[in-house]
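FYI, it's all coordinate maths here, none of it is from the lab. Just so we're clear, the structure is a prediction, and the values are computed from it rather than from any experiment. Don't worry about glycine lacking a Cβ; one is built from the backbone with ideal geometry, like all the others, and counts go over all protein chains shown.
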Amino acid sequence: MSRIEEQIRSYMYAAFPILYIHTFEEEKAKEIIRNISAGIPQVLEWDGTDRICDLRTGEAAYDLSLYSLPDILDDRMSYQRQQVLVFRNISVFMEEPAVMVRLKKLAERIYSGESDTTIFIVSPVLRIPEELEKYVTVLEMDYLTVNEIRSIIQAFCADGAIQISEALEKEFADALKGLSELEIRNVLQLAYAQGGELTRNHITLIFEQKRQMIRKAGILEMVPMRERMSDIGGLENLKRWLERKAAVLARIDEARAFGVDMPKGVLIAGVPGCGKSLSAKAAAKLFNIPLLRLDMGRLLGKYVGESENNMRRAIQLAEAVSPCVLWIDELEKAFAGIGGDGSGAEVTTRLFGSFLTWLQEKDSAAFVVATANDITKLPPELMRKGRFDEIFYVGLPNSTERRKIFEIHLGKRRPQDLPSIDIGRLVEKTEGYSGADIEGVVREGVEAAFAGGQEHLTTEDILCAVRSTHSLSEIMKEPIEKMEREYKSRKFKNAST
Ligand code: ATP
């Protein structure tokens, strides 16, 4: 029996009135309920249409043009009988007073032992009216395991008499992690429709489809990985550290057998525009695993319990897709207001708590890269040992690093002009510039050279752009100095040297 099945069974026998199964796998949830309800005289399903069906036979049990949904909830037709009511697509109806009040009444009667009913709500969206909150227990269905996904692939191939090798089946299953059964079938169908077979070339298609589905789920975004380690100028310490983790992740089973801990993740903090996001992206590319960005803004929902639940789902999805890099951008914004007053602060504090616990106990290959501009705004608990494997500070690039950054950005745009450009002079004139500033002056110089009808880019074109640019350290002199002092006093590792 699966974990969720056991959970549901125990809640049902303990007479919890409303069990809310939050899942995209509605069919799978129904099957579990069917299994659990064997022996119960009446098991009804309402799917949002005008009929109530017997969940086990699929036959119509009540016609809702004669009775209404509130009637069914009134329990009058089946008074005193043991029954299970399964509702799908009900979230919008629950806002209706007649439905909400009846649900509440029925829940109260279940509590008091007057009615032997269990109500199931099966839905991919989690929306609980505040009035019902105390009667509802939310259950999350696990994502499909690799073995379950493999069975779906096998069934799909058997249906269509499609040949697939065991090795490819395993690769497909890994790539399909995190998707629902329906989504997996759709992707396989799409892949098969392109050429009438399933080949390794379809893995890219699977990833593209998965990217869209993850985006639709709304909280995580699968970011395309274009940047490599060689696109980062400087930050040698950080790069070396990531390369060591890459070696561990590449042979994780052997590493663990050797006694190496599962890598948890890294916090990269520091000055804006100096390569923090770039490092997160390049890390995923280096590890050769998908990059999932967690959007904290979208995570905060307006319904009771929605934010925590979104956080749980984001973590679950990242774990299901793992190995992956889970990139949490602007961490300080996500957890601003912790410990403060008001319900907003309360939600953030709870969110933060569940994030910390997960980070502390995490044993999956979801590697967290958290980036932050201002570490002084972060709660100190986050910086304790055992949370992240390491915390790096990224400062303004030194002269050697500026040289590298110029070489990278000039090399990308005008490789043919690189040998004739006096990078030494550019480095001299850009003290206090961030990596993003340097990219900006290169971009501007190239554009000016083109607009001026030149055949080649010159050192002067870029110097001209430098003269018209206010560097980051000019604009933010005070805060940057303060931040640098802070990082030094906390003895964070410098990403550069
Ligand atoms: P923010 O906190 O504002 O998001 P960040 O530190 O995450 O800043 P990035 O997004 O990584 O900054 O940098 C912005 C752009 O500047 C990058 O896309 C890259 O083109 C350039 N850049 C910054 N630092 C470097 C670097 N060390 N090497 C090469 N390019 C860099």
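Summarising the label geometry, the points placed 7 Å from Cα in the beta-carbon direction at D422 and E140 lie 5.9 nm from one another. Here R211 and E460 are evaluated by their C-beta separation; at R0 = 41 Å the FRET efficiency comes out at 0.40.
Here the extension length gained between A60 and A161 equals 32.8 nm, from 0.36 nm per residue of separation less the Cα-Cα distance. Here r is the Cβ-Cβ distance between R81 and S2 and R0 is 41 Å; the resulting FRET efficiency, rounded to 0.05, is 0.90. Both radii were evaluated on the Cα set of the range 1-64; the Rg over Rh quotient, with Rh as the Kirkwood radius, amounts to 0.97. The calculated FRET efficiency for M262 paired with R240, based on their beta-carbon distance and R0 = 25 Å, is about 0.80.
Taking the longest Cα principal axis of the chain as reference, the axis of helix 26-36 is set at about 40 degrees.
The simple spin-label model puts a point 7 Å past each Cα toward its Cβ; for K377 and D116 those points are separated by 5.7 nm.
Stokes-Einstein diffusion of the range 92-193 at 37 °C, 0.692 mPa s viscosity, Kirkwood radius from Cα pairs, rounded to a whole number: 193 µm²/s. Eigen-decomposition of the gyration tensor built on the alpha-carbon atoms of the chain gives equivalent ellipsoid semi-axes of 52, 27, 21 angstrom, largest listed first.
By count of other Cβ within 10 Å, fewest leading, how are H202, H470 ordered?
H470, H202
Helical content alone sets the calculated 222 nm signal of the chain at -14500 deg cm²/dmol, taking -39,500 (n - 2.57) per DSSP H segment of four or more residues and averaging over every residue. Helix 146-159 axis versus longest C-alpha principal axis of the chain: approximately 70°, rounded to the nearest ten. Pairs from the table (K285/K385; K134/K362; K170/K385; K276/K404; K134/K333) lying more than 25 angstrom apart at Cα are K285/K385; K134/K362; K170/K385; K134/K333.
Is the shape of the range 223-394 best called rounded, prolate or oblate, per the rule: a/c under 1.5 gives rounded, else a/b larger than b/c gives prolate, else oblate, with a ≥ b ≥ c the square roots of the Cα gyration tensor eigenvalues? Prolate, because a/c is 1.5 or more and a/b exceeds b/c. Highest average first, the peptides 357-367, 152-162 ordered by how many other beta carbon atoms sit within 10 Å of their residues are 357-367, 152-162.
Exposure proxy ranking for T400, T371, based on other Cβ atoms within 10 angstrom of each Cβ and starting from the fewest, stands as T400, T371. Length available on full extension from Q316 to K491: 0.36 nm per residue minus the Cα-Cα distance, which gives 59.7 nm. Put a dot 7 Å past the Cα of E108, heading toward its Cβ, do the same for N186, and the two dots end up 4.2 nm apart. Counted residue by residue at 0.36 nm each, then reduced by the alpha carbon distance between them, the extension gain from D74 to D363 reaches 99.4 nm. Peptides 281-291, 458-468 ranked from most to least packed by the mean count of surrounding Cβ atoms within 10 Å: 281-291, 458-468. Listing K134, K491, K276 from fewest to most neighbouring C-beta atoms within 10 Å gives K491, K134, K276.
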